[in-house]
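Asker: Can you keep this structure in mind? I'll have questions shortly.
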Amino acid sequence: MPAAVNAAWLLDHGPLTWLDVLHLHHIDFEDLATLERLLDACLGYGVNVVFTAHDTRPMVGNAEDFTARLQMLHSAEVRWVCLTEGSVTQLAEILGERPDAAVIPHGYVAAPETLANVERESSSRACRYLMFGASRASRDQLSTMANWSLGIADPHGTLHVLLRAFSPADFADGGRAPLLLETARHDPRIRLTMRPYPTDEEVIRAGLASDALLLPYLWGSHSGQLELAFDLNLLPVCSLTGHLPEQYEKHKGLVEEPEWFDWSQGHPNLFGEKFLAALERAAARIDSSPRRLDREFLDYRSQEHQVILEQYAHVYGGDR
């Protein structure tokens, strides 16, 4: 199977008698007519379809097309999984009625058993920051990097930026890749690493060598990166957007509260000030507390995972 399976590939490999359940995730990338044909094929062959509504607005494309895809899935009566109650409420506003969705949290990113015999790398010199992921419109990587470079004065501080490989679009008119590379070049404390697609192992390794995770979302409904910060006991420096606060509330008392910065209100020219103020507060918090892995929380993650598996078994099996 290819690394990225899309609707067209599945239709080309029919009949779909080799499938029991089709789990849809990135519907943004699918042609609407092709997706509809796939749903019809699944219905004809008795394949259960489960859709994870990870986001409540598109990562690519426009809102109108994304809403059309959501409405088609809703009309097809596929089974929905939402990651937070807040996302169900927001989707109900988009669809005009509440979808019949199971609310199942994201769960861990770093499997607790893989962390059993490791520890986060210690550092006595300065704070180490990590930012990773693809260059997306929903993330402000460029001004985050510039603000970190000019705002963190400690000569021993470091920022590791682990990127997914650029595409030509990142360099086209309006693409920020050239400016991002130029910004990093002027500060030797910034280390850029690029991978075809950072694996979980590569991300975990980078996290174990860091103290804080920068999450500069301009918008977004949910973050697996935030869950990784919980797994590795990294201090998240995180924009107050979408349903990320609900993710924290689910684990409140078990994990450290992120250092929030609110980009939801005010003029966009103030975003940098809000982020930099949060960065300064985060630096003070990191200096005041050791950041070892929290074994008690990892034990909780193992128990949480079993509950999540049971919830998915009900959804995949057709139980409502």
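The values are calculated or read from the model by the stated rules, or taken from the named source; none is laboratory data. Predicted, not measured: the structure shown is a model, and the values here were computed from it. Positions of Cβ are generated from backbone atoms using ideal geometry, with glycine treated the same way; all protein chains shown enter the neighbour counts. Side chains included, ligands, DNA and RNA excluded: accessible areas come from the protein's heavy atoms. Shrake-Rupley method; radii C 1.70, N 1.55, O 1.52, S 1.80 Å.
Asker: Filter the stretch 145-183 for residues that are aromatic (Phe, Trp, Tyr) and open to solvent by less than 30 Å² (accessible area, probe 1.4 Å) and give the result.
Answerer: Listed by number, the list holds a single entry, TRP148.
Asker: Pick from the stretch 212-222 the residues that are under 16 Å from ASN147 (Cα atoms) and in contact with a Leu (Cβ under 8 Å, 6 or more places away or on another chain): which of them is surrounded by the fewest Cβ atoms within 10 Å (Cβ to Cβ)?
Answerer: TYR217
Asker: Looking only at residues in the stretch 125-144 that are part of a loop (DSSP other than H, G, I, E, B) and more than 18 Å from the chain's Cα centre (by Cα), which one is farthest from PHE171 (Cα to Cα)?
Answerer: Of everything passing the filter in the stretch 125-144, ARG125 is farthest from PHE171 (Cα to Cα).
Asker: Is one or more of the residues making up the stretch 232-242 assigned to a helix (DSSP H, G or I) and either among the basic types (Lys, Arg) or touching a residue at least 60 places away in the same chain (Cβ under 8 Å) (or both)?
Answerer: So far as the stretch 232-242 goes, yes, one or more of its residues are assigned to a helix (DSSP H, G or I) and either among the basic types (Lys, Arg) or touching a residue at least 60 places away in the same chain (Cβ under 8 Å) (or both).
Asker: Can you tell me which of ASP299, ASP231, ASP287, ASP294 is under 20 Å from the mean Cα position of the chain (by Cα) and either modelled with pLDDT under 90 or farther than 16 Å from ASN147 by Cβ (or both)?
Answerer: Going through ASP299, ASP231, ASP287, ASP294 in turn, just one is under 20 Å from the mean Cα position of the chain (by Cα) and either modelled with pLDDT under 90 or farther than 16 Å from ASN147 by Cβ (or both): ASP231.
Asker: Ok, one more. Could you check the stretch 223-246 and list, in sequence order, the residues that are open to solvent by less than 10 Å² (accessible area, probe 1.4 Å) and not hydrophobic (A, V, I, L, M, F, W, C)?
Answerer: SER223, GLU227, ASP231, PRO236, SER239 - these are the residues of the stretch 223-246 that are open to solvent by less than 10 Å² (accessible area, probe 1.4 Å) and not hydrophobic (A, V, I, L, M, F, W, C).
Asker: Looking at the stretch 172-183, which of its residues are under 30 Å from ASP231 (Cα atoms) and in a loop (DSSP other than H, G, I, E, B)?
Answerer: none
Asker: Could you identify the single residue in VAL78, VAL103 that is in contact with a strand residue (DSSP E or B) (Cβ under 8 Å, 6 or more places away or on another chain) and modelled with pLDDT of 95 or more?
Answerer: VAL103
Asker: Could you check the stretch 129-144 and list, in sequence order, the residues that are in contact (Cβ under 8 Å) with a residue 60 or more places away in the chain and either open to solvent by 10 Å² or more (accessible area, probe 1.4 Å) or under 27 Å from PRO58 (Cβ atoms) (or both)?
Answerer: LEU130, MET131, PHE132, GLY133, ARG136, ALA137, SER138, ARG139, ASP140, GLN141, SER143, THR144
Asker: Does GLU182 satisfy being at pLDDT below 95, of a type in the set (D, E, K, R) and closer than 25 Å to ARG291 by Cβ?
Answerer: Considered against the rule, which asks whether it is at pLDDT below 95, of a type in the set (D, E, K, R) and closer than 25 Å to ARG291 by Cβ, GLU182 comes out as no.
Asker: Out of the residues in the stretch 265-281 that are over 19 Å from GLY133 (Cβ atoms) and touching a strand residue (DSSP E or B) at 6+ places or on another chain (Cβ under 8 Å), which is least open to solvent (accessible area, probe 1.4 Å)?
Answerer: Selected residue: ALA277.
Asker: One residue is enough: does the stretch 116-124 have a residue meeting the conditions under 30 Å from ASP299 (Cβ atoms) and under 23 Å from the mean Cα position of the chain (by Cα)?
Answerer: There is at least one residue in the stretch 116-124 that is under 30 Å from ASP299 (Cβ atoms) and under 23 Å from the mean Cα position of the chain (by Cα).
Asker: Kindly provide the set of residues from the stretch 145-171 that are assigned to a loop (DSSP other than H, G, I, E, B), touching a residue at least 24 places away in the same chain (Cβ under 8 Å) and closer than 22 Å to ARG195 by Cβ, ordered by number.
Answerer: Scanning the stretch 145-171 gives ALA165, PHE166.
Asker: Ok, one more. Could you tell me whether any residue of the stretch 248-258 is touching a residue at least 12 places away in the same chain (Cβ under 8 Å), part of a loop (DSSP other than H, G, I, E, B), surrounded by fewer than 24 Cβ atoms within 10 Å (Cβ to Cβ) and acidic (Asp, Glu)?
Answerer: Within the stretch 248-258 (the criterion being touching a residue at least 12 places away in the same chain (Cβ under 8 Å), part of a loop (DSSP other than H, G, I, E, B), surrounded by fewer than 24 Cβ atoms within 10 Å (Cβ to Cβ) and acidic (Asp, Glu)), the answer is yes, since at least one residue qualifies.
Asker: A further question follows. When the residues of the stretch 184-209 are filtered to those that are within 18 Å of the chain's Cα centre (by Cα) and assigned to a loop (DSSP other than H, G, I, E, B), which remaining residue is surrounded by the fewest Cβ atoms within 10 Å (Cβ to Cβ)?
Answerer: Among them, the one singled out is PRO196.
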